[in-house]
1. What is the mean number of Cβ atoms from other protein chains located within 10 Å of the Cβ atom of each residue in peptide B:96-106, rounded to a whole number?
2. What is the angle, in °, between the Cα long axis of helix B:85-118 and the longest principal axis of the Cα atoms in chain B? Nearest 10 is fine, range 0 to 90.
3. In degrees, nearest 10, range 0 to 90: what is the angle between the Cα axis of helix B:6-30 and the longest Cα principal axis of chain B?
4. Return the FRET efficiency for the residue pair B:Ala90, A:Val68: r is the Cβ-Cβ distance, R0 is 25 Å, and the value is rounded to the nearest 0.05.
5. Give me a single rounded figure for A:91-102: the average over its residues of other chain Cβ atoms within 10 Å of their Cβ.
6. Under 17 Å Cα to Cα from B:Lys46, which lysines show up? Leave out anything in the same chain fewer than 8 places away.
7. In region B:26-119, if the dipole is taken from +1 on Lys/Arg beta carbons and -1 on Asp/Glu beta carbons about the Cα centre, which of B:Ala98, B:Leu42, B:Pro71 is farthest to the positive end?
8. Treat each spin label as a single point 7 Å out from the Cα along the C-beta direction, and report the B:Leu66 to B:Glu49 distance in nm.
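Coordinate-derived values only; no laboratory data. In this text the structure is predicted, and so the values were computed from the model without any measurement. Using ideal geometry, Cβ is built from the backbone for each residue, glycine included, and neighbour counts are taken over all protein chains shown.
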Amino acid sequence: MSALPPVASVNVQSPGFSKPAQAINATPPSEQGGDRNIFLDLMAQANDDQLRSEQAIDSLVSGKTEDVQQVVMEVVKAEMSFQVFMEVRNQIIESYDELMRMQF
Amino acid sequence: MNGIFYQIDLLGSAVDATEKNHRVVSQNIANVNTPGYQTKRLDFQKMLEQSQAASQENVTDRDPELPVELPEGLTERLDGNNVNLEQEVAQLKKNALAFQTYSQLLASRITTMRRAISG
């Protein structure tokens, strides 16, 4: 198993800090190297979903779309993928703590 | 305008604008029997911009002039009143749905944000 990449290589745009339109086409950071990091993929995907939901809310409020259920679907999807990401992160940290508590 | 509160401010302004729209439509319904009363309509986009500008500059003036306009093409009754009650009730319902949508989206954004902060 490969070690965690340095923080600088995590090239993710955070939601809210940028215009969502530009970020959606950004490639996930793990595709650049040869080894794929599932956790980073998950994070990039959760981030993309967040950005997409922000864009959907933007277009609903500004009147560009009237499709309320589409917007709600995007938001719910984003919420759920974020929840999955948080849960995976918590499990990883928990197992790390477990390893740290081991007595040899 | 960017930052972590961008979406919350945007949705807050939308909720604010729907609330103002509710006032205008209620006023129409209240004046259904007033002679000479003309139906008023709120320009939602203008209201939204106004409310966003107010939240950006932290203006304390909570009662600025509403961007209302008088729509054309409504049939006027003999007493000069052109309020169509059914149409206004439909507007009220539509606005209530919009309010519900915006406030629920706002609640879900805030929940996600809280979850991100507290982990």
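1. 2
2. 10 degrees
3. It works out to around 20 degrees.
4. E between B:Ala90 and A:Val68, to the nearest 0.05, is 0.90.
5. 0
6. B:Lys46 reaches A:Lys64, B:Lys20.
7. Going by the Cα projections, it comes out as B:Ala98.
8. According to this spin-label approximation, the distance is 1.9 nm.
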